[in-house]
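Structure first, commentary second.
We did not get these values from a lab; they are worked out from the coordinates using the rules stated. All figures in this text were calculated on a predicted structure; none of them were measured in a lab. Glycine gets a Cβ as well: all are built from the backbone with ideal geometry, and neighbour counts include every protein chain shown.
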């Protein structure tokens, strides 16, 4: 008989839209709750699907805080609001009279691991675009270490806050992170410089983009619905944004932002809420995009772009400005 | 007089606290508190107009597409562009899928688990409710979540992911749909229809939508006794849910996929005129007076006396209104809902809200099938447009939970004003300047507080029957 006690998980929603939970509920093939149970993870409480409400829920939170219940995994979804004026009153955990910021600090102190679910919990993200809220992530405020818990915070397991960034993150990013933590196989070296699991953050959203041929030839879309590359004109940040978004699909068999015709806004990166320019236009300097592929020298980019534009096949050029393929690939007659 | 504070009030979307004053074993008065403020309306100020397409859906992770639709429509009106037929069809299809997924999530994950509680052990339906809907363990809930995940493949295909897509644009959608994709869409929706007909309803969607009276619905439940719906009808009868949580009796709809716009009162539908719409802030932690959202402001004030919520209180011609599936069905005049409402004194109830949602779930799937059939390989999916330096627009739609409106003002090429009136802002609004309660506050008054379970079970049923989305409420 297996006598290993289950790994416990508590989930809190700080200043969130609930979308990370909604995304996670789309996990396939096994539904989220079943997948957790199969991995030996016992859900202590989740605001969206646990039975306990009101004082029954408060009792669970209190027991975690006192240590009466062992808290192995603490998932926090949403930014932590410290406003107005440091009071945290922009989010009171209902029924408790205490700010959510207080609850997150108290419970994190008891947790084996803390997982920031989504970019809000990781970096502050959208709520931090309103300075009144004084919103931060759990261990980062934007790209600066610190956040609510402080730069040196780590859980009982010796791992800092694990940032499953994304708006919303892929259900696989979250489940695989939770299962790796439950199995004790996720080490600090498995995280990148911003605390994101490298198994997905080692890639760029650009990897596997189905518009790759248009990218290679710099055959660019001019407006939404065009098939061409979205980087030159429409603000796409996929060559800068960490994520295996185009390598694993979303919601079925072909889901991805770029597949659905729109630009990557870099939602796994700190600061995506305030890019400093309109989301859907590429800021340019002397006709050259300001945001170049993440580690590409500018001179090379300019040179290669000019070369590839001059070599663009007519088919690729024409299709890039249409909403469906008008010229099919065809072998050149010998 | 005793006071009961209920929170965290879970299995609702977002943060909710309900405070009850009790006298003689009943609710004497209720206060509904939205305890979270994020300030999206302030975030939008000064941004490029099309940035609203990124920011607005992030208000809510469960109504994300609805927020996108409202933002795209408000921008479309300001920019003077409308989607071509294909683009409008895809937008409607996405909205229909989100609303259907949300209705199913509400029923299986949020509402029904309360009947599996041990407090109801001994009721003739309890063992079945526990087997099907016990929180995190019920068989029906598990099947519902799997079916929901498969239905959301429509969103993956058309919108990249769910939640938070950018495919919905003022001029249409950013992706055209090819022949193979149209066939796949048909397969996904056919799979969802099979789930509904086998599990949730136990009969054909058409036989459900053809029902025309309370009695016919009861008989339908008896004929399809093994379905999740039949279980609900049995326990609803036993607990008299048709007499619980009586609403304000004024139903407002902006007209969605399944119906028309209007204001329903006492069995009659009046045309909708939003000139008299005001957002009252007398009991919200907000500065300012009652304004139409086109002129509205959002200025938080955490120290305001007498205030008890971050929610504003929308009122139409000074009166509160209930919004949601029941409101849509009432305004559209579906015979089943008209009869159900008539049986309950024209006010609506816990039973009525749940029935209206499930009826609409069936209607939505039939509508999706029609939309997919109408999609064409010919014609545009998106129109071109410019962005003027100065313009105004309003975008109205129906989210799963009811009427959703965005009011936008562009000045000097950037957003100068953005106000959102969300469904649960209507339903869970605090009191107004005249002291009139919001719809939920009114629906809770008079509720019998049975000894034992805490929080009181009937209070939980009533609150959840509205399917609140607090994330939208306190944008």
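Stokes-Einstein at 25 °C, 0.890 mPa s, Kirkwood radius from Cα pairs: D for the stretch B:13-69 in µm² s⁻¹? This corresponds to a translational diffusion coefficient of 174 µm²/s. Mean per-residue shielding of peptide B:169-177 is 6, counting Cβ atoms of other chains within 10 Å of each Cβ. Here the contact order of chain A, divided by its residue count and restricted to Cα pairs under 8 Å and six or more residues apart, works out to 14 percent.
Once the cut-off is 26 Å, how many percent of the Cα-Cα pairs in the stretch A:112-263 end up in the long-distance tail? Write out the running numbers ahead of the final one.
Numbers: 3877 of 11476 pairs.
In whole percent, the share of Cα-Cα pairs in the stretch A:112-263 beyond 26 Å is 34.
Please label the shape of the stretch A:7-201 as rounded, prolate or oblate, based on the square roots a ≥ b ≥ c of the eigenvalues of the alpha-carbon gyration tensor (a/c under 1.5 means rounded; beyond that, a/b larger than b/c means prolate, else oblate). Rounded, because the longest to shortest axis ratio a/c is under 1.5.
This ranking places A:7, B:65 by how few other beta-carbon atoms lie within 10 Å of each, fewest first, which gives A:7, B:65.
Pairwise alpha-carbon distances in chain A exceed 26 Å for 52% of all pairs. Other protein chain C-beta atoms within 10 Å of residue C-beta, averaged over B:217-227: 0.
Within chain B, the percentage of alpha carbon pairs spaced more than 45 angstrom apart rounds to 8%.
Using the per-residue mean of other Cβ atoms lying within 10 Å as a proxy for protection, in what order, highest first, do the peptides A:95-107, A:213-225, B:29-41 fall? Working shown, then result.
Numbers: A:95-107: 19.8, A:213-225: 21.7, B:29-41: 25.5.
Those peptides, ordered most packed to least, come out B:29-41, A:213-225, A:95-107.
For the stretch B:1-99, the spread of Cα positions along the three principal axes, ordered from largest to smallest, is 60, 32, 20 Å. What is the stretch A:7-201's relative contact order, in percent, from Cα pairs under 8 angstrom and six or more apart in sequence? Normalised by residue count, the contact order of the stretch A:7-201 is 22 percent. When DSSP beta bridges are restricted to pairs lying wholly in the stretch A:7-201, around 30% turn out antiparallel. Normalised radius of gyration (Cα atoms, divided by 2.2 N^0.38 Å) for the protein assembly as shown: 0.91.
Take peptide B:103-110, look around each residue's Cβ out to 10 angstrom, count Cβ atoms belonging to other protein chains, and average those counts. It would help to have the intermediate numbers written out before the result.
On the way: counts 0, 0, 4, 0, 0, 1, 4, 2.
Counting Cβ atoms of other protein chains within 10 Å of each residue's Cβ and averaging gives 1.
Beta bridges per DSSP, both residues in chain A: antiparallel share near 40 percent.
Just want the ordering: A:231, B:1, B:368, from fewest to most Cβ atoms lying within 10 Å of their own Cβ. Please report the intermediate quantities before stating the final value.
Working: A:231 28, B:1 8, B:368 25.
Sorted ascending by nearby Cβ count, the order is B:1, B:368, A:231.
DSSP beta bridges confined to the protein assembly as shown are antiparallel in about 75 percent of cases.
Sorting the segments B:350-362, A:305-317 by their mean number of nearby beta carbons within 10 angstrom, highest to lowest, gives B:350-362, A:305-317. Among B:397, A:189, B:167, B:82, the ranking by other beta carbons within 10 Å of each residue's beta carbon, starting with the fewest, stands as A:189, B:82, B:397, B:167.
By the gyration tensor of its Cα atoms, with a ≥ b ≥ c the square roots of the eigenvalues, what is the shape of the stretch A:203-334: rounded for a/c under 1.5, prolate for a/b over b/c, or oblate? Spell out each step's value before the answer.
On the way: a/c = 1.75, a/b = 1.24, b/c = 1.41.
Oblate, because a/c is 1.5 or more while a/b does not exceed b/c.
Given the -39500 (n - 2.57) contribution per DSSP H run of 4+ residues, what per-residue ellipticity at 222 nm results for chain A, rounded to the nearest 500 deg cm²/dmol? Write out the running numbers ahead of the final one.
On the way: 10 runs with 80 residues, N = 334.
Calculated at 222 nm, the ellipticity per residue is -6500 deg cm²/dmol.
Considering only A:80, A:162, A:290, the mean-square fluctuation computed in a Gaussian network model of chain A, springs between alpha carbons under 10 angstrom, is largest for A:290.
For a quick protection proxy, order the peptides B:194-206, B:403-415 by their average other-Cβ count within 10 Å, most packed first. Walk me through the numbers on the way to the answer.
Values: B:194-206: 18.1, B:403-415: 21.5.
Output ranking for B:194-206, B:403-415: B:403-415, B:194-206.
With contacts defined as alpha carbon pairs under 8 Å and 6 or more residues apart, what's the relative contact order of chain B in percent?
Details: 1057 pairs, mean separation 121.9, N = 475.
Dividing the mean separation by the residue count of chain B yields 26 percent.
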